[in-house]
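*Asks:* Sending over a structure as structure tokens; questions will come in a sec.
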Amino acid sequence: MRRNSLRLRPLFLGPLLLRPFFLALSLAGFALASTAASAADKLRLAIQSTGTFAWELATARAYGLDKEADLDFETTELSTTEAGKIALVGGGADMILSDWLWVARERSLGTALVYYPHSTALGAVIAKGPAASWQASDFVGKKLGVAGGSLDKSWLMLQAWALKQKVDLKTQTTLAFAAPPLLAEKLAQGELDAALEFWTFAARLEAKGFARVVDMAAVERDLGAKGPVVVTGYVFNESFGAKNGPLLQRFFAMMTKAKRLIADNDEAFAKIAPMTGVSDPATLAILRQYYRQGIPSRTLAEEFADAEAIYKVLATVGGRQLVGDAAQLDPGLFFRPPPASGSK
């Protein structure tokens, strides 16, 4: 009986003995809950490893901007822009970088995507010889290379610009559609008289002595834009934006800081320089100049007004194949962040 009473004694004293234990357990649970509550918000991003989105994310991490914004990223590297679109629509990513023309088309087909400006950086028509400003008549009879395909936004704008000058580039030039690196090679070999290149390849060619004969930013203004028109933007589902307004607001602010570091801080630019695939200082300087000029600086209302003006031109030139049934740019296409609250 004595042994049994000794065994039962802890049960009799249990509540007193266990009270500190339960208190400690409760405090531990509270600490875990607090840690979970303050954990950084996560974004799943689909990116191209050598693209500007990747440069900016690398800069944000290098300078602790992600910690400052209380954000964490799960990045998936993709080889093509098309793979990013598939990842976003299929639910494999929260956000990608793309152009508003694709978002407009998707919205017209019933996919509720939204867009927030990322860059206005645009390419140019590059040619051999001394720097000069070409008019549409200078293209007549020439061999013109075009990057991006027959429905590329820059190509459609160039056509509209030429048509205003009574020149039809589709019939009055010899066209060659190809990937940007191949066009650059053909231009260097003299097989093309000029090439409409993306801005990163235009920078490389300019560094080799080629001339920017038509600046596409000037073409945009000629077609009715009042300033540099956004080209690429952060794209995500409308429902995601509605649920994560404060998170996205912090993200956009963080990315703006990263952009300014790349543009203005030599140390920051040196950190991402290897990601550009360029080692030549002259080429890097021109690449950085294009990048700096592409940082958006206008209000969303101004950005949308110019995108709307260019959309009307593109819809006329590209037709139904380009824009589907959407004759006008959807006013809901641009994401409007909620007012700043200063907290998560």
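The values are calculated or read from the model by the stated rules, or taken from the named source; none is laboratory data. Small disclaimer: the values here were computed from a predicted structure and weren't measured. When we count neighbours, we look across all protein chains shown, and the Cβ atoms used for this are built from the backbone with ideal geometry, even at glycine.
*Asks:* Quick check, is Lys164 closer than 19 Å to Ala217 by Cα and either crowded, with 17+ Cβ neighbours inside 10 Å or in contact with a Gly (Cβ under 9 Å, 6 or more places away or on another chain) (or both)? Talk me through it step by step, then tell me what you get.
*Replies:* Numbers: closer than 19 Å to Ala217 by Cα: yes; either crowded, with 17+ Cβ neighbours inside 10 Å or in contact with a Gly (Cβ under 9 Å, 6 or more places away or on another chain) (or both): no.
Spelling it out, it is not the case that Lys164 is closer than 19 Å to Ala217 by Cα and either crowded, with 17+ Cβ neighbours inside 10 Å or in contact with a Gly (Cβ under 9 Å, 6 or more places away or on another chain) (or both).
*Asks:* Those residues that are buried (at least 23 other Cβ atoms within 10 Å of the Cβ) and of a type in the set (A, V, I, L, M), I need them from region 122-143; list them, please.
*Replies:* Listed by number, the residues that qualify are Leu122, Ala124, Val125, Ile126, Ala127.
*Asks:* How do the helices (runs of 4 or more DSSP H) wholly within region 174-260 filter down when requiring 3 or more residues that are without any contact (Cβ under 8 Å) to a residue 24 or more places away in the chain: which remain?
*Replies:* Numbers: elements: 180-188, 199-207, 216-222, 238-243.
Result: 180-188.
*Asks:* Look at Leu144 and say whether it is closer than 20 Å to Ser98 by Cα and in contact with a Ser or Thr (Cβ under 7 Å, 6 or more places away or on another chain). Before you say what the answer is, go through the steps one by one.
*Replies:* Values: closer than 20 Å to Ser98 by Cα: no; in contact with a Ser or Thr (Cβ under 7 Å, 6 or more places away or on another chain): yes.
Criteria not met by Leu144.
*Asks:* Within region 127-173, count every residue that is of a type outside the set (Phe, Trp, Tyr) and part of a loop (DSSP other than H, G, I, E, B). Steps first, answer last, please.
*Replies:* Just the residues of region 127-173 that are of a type outside the set (Phe, Trp, Tyr), to begin with: 127-133, 135-138, 140-154, 156-160, 162-173.
After this cut, where a residue has to be part of a loop (DSSP other than H, G, I, E, B) as well, the list is 128-133, 135, 140-142, 148-152, 165-168, 173.
Looking only at that region, the number is 20.
*Asks:* Looking at (1) at pLDDT below 95; (2) buried (at least 18 other Cβ atoms within 10 Å of the Cβ); (3) among the aliphatic types (A, V, I, L, M), which is the one condition that is false for Leu248?
*Replies:* Every condition holds for Leu248 apart from (1).
To keep it simple, each residue is scored yes or no on (1) of a type in the set (Gly, Ala, Ser); (2) in a helix (DSSP H, G or I); (3) closer than 20 Å to Ser98 by Cβ.
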{"site": "Arg44", "(1), (2), (3)": "no, no, yes"}
{"site": "Ile47", "(1), (2), (3)": "no, no, yes"}
{"site": "Ala54", "(1), (2), (3)": "yes, yes, yes"}
{"site": "Thr59", "(1), (2), (3)": "no, yes, no"}
{"site": "Lys67", "(1), (2), (3)": "no, yes, no"}
{"site": "Asp72", "(1), (2), (3)": "no, no, no"}
{"site": "Thr75", "(1), (2), (3)": "no, no, yes"}
{"site": "Glu82", "(1), (2), (3)": "no, yes, yes"}
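*Asks:* Could you run through region 276-307 and say how many residues are surrounded by fewer than 17 Cβ atoms within 10 Å (Cβ to Cβ) and within 16 Å of the chain's Cα centre (by Cα)?
*Replies:* 4
*Asks:* Among (1) outside any helix (DSSP H, G or I); (2) modelled with pLDDT under 95; (3) surrounded by 13 or more Cβ atoms within 10 Å (Cβ to Cβ), where does Asp325 come up short?
*Replies:* Looking at each condition in turn, Asp325 falls short on (3).
*Asks:* May I pose another question? Which residue out of Leu65, Leu144, Leu71 is more than 18 Å from Gly233 (Cβ to Cβ), aliphatic (A, V, I, L, M) and assigned by TED's automatic domain parsing to the domain that holds Ala211?
*Replies:* None of the other options fit; the residue is Leu144.
Quick grid of which residues meet (1) touching a residue at least 40 places away in the same chain (Cβ under 8 Å); (2) touching a helix residue (DSSP H, G or I) at 6+ places or on another chain (Cβ under 8 Å); (3) within 30 Å of Ala327 (Cβ to Cβ); (4) not polar (S, T, N, Q):
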residue: Thr59; (1), (2), (3), (4): yes, yes, no, no
residue: Ala62; (1), (2), (3), (4): yes, yes, no, yes
residue: Glu68; (1), (2), (3), (4): yes, yes, no, yes
residue: Asp94; (1), (2), (3), (4): yes, yes, no, yes
residue: Ser98; (1), (2), (3), (4): yes, yes, yes, no
residue: Thr111; (1), (2), (3), (4): no, yes, yes, no
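*Asks:* Scan Val125, Val140, Val146 and give me the residue that is more than 31 Å from the chain's Cα centre (by Cα) and β-branched (Val, Ile, Thr). Lay out the reasoning, then the answer.
*Replies:* Working: Val125 fails: more than 31 Å from the chain's Cα centre (by Cα); Val146 fails: more than 31 Å from the chain's Cα centre (by Cα).
Just one listed residue meets the conditions, Val140.
*Asks:* Run Ile310 past the list (1) surrounded by 15 or more Cβ atoms within 10 Å (Cβ to Cβ); (2) out of contact with any Leu (no Cβ under 7 Å at 6 or more places or on another chain) and report the number of the one that doesn't hold.
*Replies:* Only one criterion in (1) surrounded by 15 or more Cβ atoms within 10 Å (Cβ to Cβ); (2) out of contact with any Leu (no Cβ under 7 Å at 6 or more places or on another chain) is unmet by Ile310, namely (2).
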